[in-house]
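The block underneath contains the structure these notes are about, expressed in structure tokens.
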Amino acid sequence: MKEYFYLNPSKMVELSRQMVGSEIKLLLGMMYCISNSDNKWFVNNAENRSRIAQLGFDKTPERFSAILGSLAKKGIIKREANGVYSLPEDLFIVP
């Protein structure tokens, strides 16, 4: 994924109605981690949790997993494998 992208405003409005504050923060943190890596998946590991913690989202690993599970259950993100998640393609517009 590129180092930058534009959020799809209509999709974000739709998603924000379904999410609580911690889910929105984690979703934005996931976008940050994915945009700064060479792959298109977010892996729930210590490295990515510490990257997101530097953005001000410091949660325990258990709470982090619970929020990821909640986002997957709502259909906002997709669980690819155990601890591996992807974001919906229509969420961003890559220039």
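The values are calculated or read from the model by the stated rules, or taken from the named source; none is laboratory data. If you're wondering where the values come from, they're calculated on a predicted model, not measured in any experiment. As a convention, Cβ positions derive from the backbone with ideal geometry for all residues, glycine included, and neighbour counts pool all protein chains shown. With ligands, DNA and RNA removed, areas are computed over all heavy atoms of the protein, side chains included. Shrake-Rupley method; radii C 1.70, N 1.55, O 1.52, S 1.80 Å.
Looking at this structure, is Arg63 over 12 Å from the mean Cα position of the chain (by Cα) and assigned to a helix (DSSP H, G or I)? In short, yes. Residues that are of a type in the set (Val, Ile, Thr) and surrounded by 17 or more Cβ atoms within 10 Å (Cβ to Cβ) within the range 18-40 comprise just one, Ile34. Considering the conditions (1) out of contact with any Ser or Thr (no Cβ under 6 Å at 6 or more places or on another chain); (2) over 14 Å from Leu28 (Cα atoms); (3) modelled with pLDDT of 90 or more, Arg49 is excluded by exactly one of them, (2). Scan the range 44-66 and give yes if some residue there is among the small types (Gly, Ala, Ser) and in contact (Cβ under 8 Å) with a residue 40 or more places away in the chain, otherwise no. Among the residues of the range 44-66, not one is among the small types (Gly, Ala, Ser) and in contact (Cβ under 8 Å) with a residue 40 or more places away in the chain, which makes the answer no.
Of the set (1) touching a residue at least 40 places away in the same chain (Cβ under 8 Å); (2) surrounded by fewer than 14 Cβ atoms within 10 Å (Cβ to Cβ); (3) part of a helix (DSSP H, G or I), all apply to Glu14 but (1). Evaluate the following for Gly69: is it without any contact (Cβ under 8 Å) to a residue 24 or more places away in the chain, open to solvent by less than 90 Å² (accessible area, probe 1.4 Å) and under 19 Å from Met19 (Cα atoms)? For Gly69, the condition - without any contact (Cβ under 8 Å) to a residue 24 or more places away in the chain, open to solvent by less than 90 Å² (accessible area, probe 1.4 Å) and under 19 Å from Met19 (Cα atoms) - is met.
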